[in-house]
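Everything below concerns the one structure shown next.
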Amino acid sequence: LLSSLGISHIAVFRQLRVAVLTTGDELLAAGAAPSDGKIFDSNRPLLLALLQRLNVTIKDLGIIADNPDQLRNTFLNADEWADVIISTGGVSVGDADYTKTVLDELGEINFWKGAIKPGKPFAFGKLKNSWFFGLPGNPVSTAVTYHQLVVPGLRKLSGAPHHSPLKLNAITQSRLKKHPGRIDFQRGL
């Protein structure tokens, strides 16, 4: 079609390469034997499934322990391949939340903590070669921040036009509590 119009060159965006990881000593991969004090990783499989809906190349980096050195090495290796790194867990203020600290050391954090519920612990910034999105460890918070913050970012980086999500008005059957100055997302049926 382009040749039939006499067009020999066009500008295009390369498909984004997205690396995905979860952090936490408490996480088990699906299929592992249950263990006291452990939970199954649901965030990474969720993100991998959601990312398959987009026009991106995905690399699954697995579960990374709460170890600053291991996390640093993972981010450095991912930064060599990826355009975007998405992690879940480790961006809050707990004793074993190293993701934000390591990312701050390796690059720059453009913003941290959003006025959003669920999803307040969230980090966004730049490493040497890639952008990163540090999502919360809570599965619902991961889903909300992915849809509200990550997808628009990926669309922008892909050169896609702005897309406003579908919004519907609804009447609740009970009162909702909301903190002033914060966006609250409520589950609905």
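Tabulated data
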item: Matching residues, segment 10-64, being part of a loop (DSSP other than H, G, I, E, B), open to solvent by less than 50 Å² (accessible area, probe 1.4 Å) and farther than 22 Å from residue 140 by Cα; result: 32
item: Residue that is nearest to residue 90 (Cα to Cα) [pool: residues in segment 117-129 that are open to solvent by less than 20 Å² (accessible area, probe 1.4 Å) and not small (Gly, Ala, Ser)]; result: 122
item: Selection count where residues are out of contact with any strand residue (DSSP E or B) (no Cβ under 8 Å at 6 or more places or on another chain) and not aliphatic (A, V, I, L, M), scope segment 1-51; result: 13
item: Among (1) open to solvent by 70 Å² or more (accessible area, probe 1.4 Å); (2) under 21 Å from residue 157 (Cβ atoms) - the single one residue 114 does not satisfy; result: (1)
item: Selected residue (criterion: nearest to the chain's Cα centre (by Cα)) from residues of segment 130-189 that are surrounded by fewer than 10 Cβ atoms within 10 Å (Cβ to Cβ) and among the charged types (D, E, K, R); result: 187
item: Residue 70, sole failed condition from (1) open to solvent by 30 Å² or more (accessible area, probe 1.4 Å); (2) in contact (Cβ under 8 Å) with a residue 12 or more places away in the chain; (3) under 24 Å from residue 127 (Cα atoms); (4) not hydroxyl-bearing (Ser, Thr, Tyr); result: (2)
item: Selection status of residue 69, part of a helix (DSSP H, G or I) and touching a Lys or Arg at 6+ places or on another chain (Cβ under 7 Å); result: no
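The values are calculated or read from the model by the stated rules, or taken from the named source; none is laboratory data. Since the structure is predicted, the reported quantities are computational estimates derived from the model, not experimental observations. Note: ideal-geometry Cβ built from the backbone for every residue, glycine included; neighbour counts use all protein chains shown. Heads up: the accessible areas ignore ligands, DNA and RNA and are worked out on the full protein's heavy atoms, side chains in. Shrake-Rupley method; radii C 1.70, N 1.55, O 1.52, S 1.80 Å.
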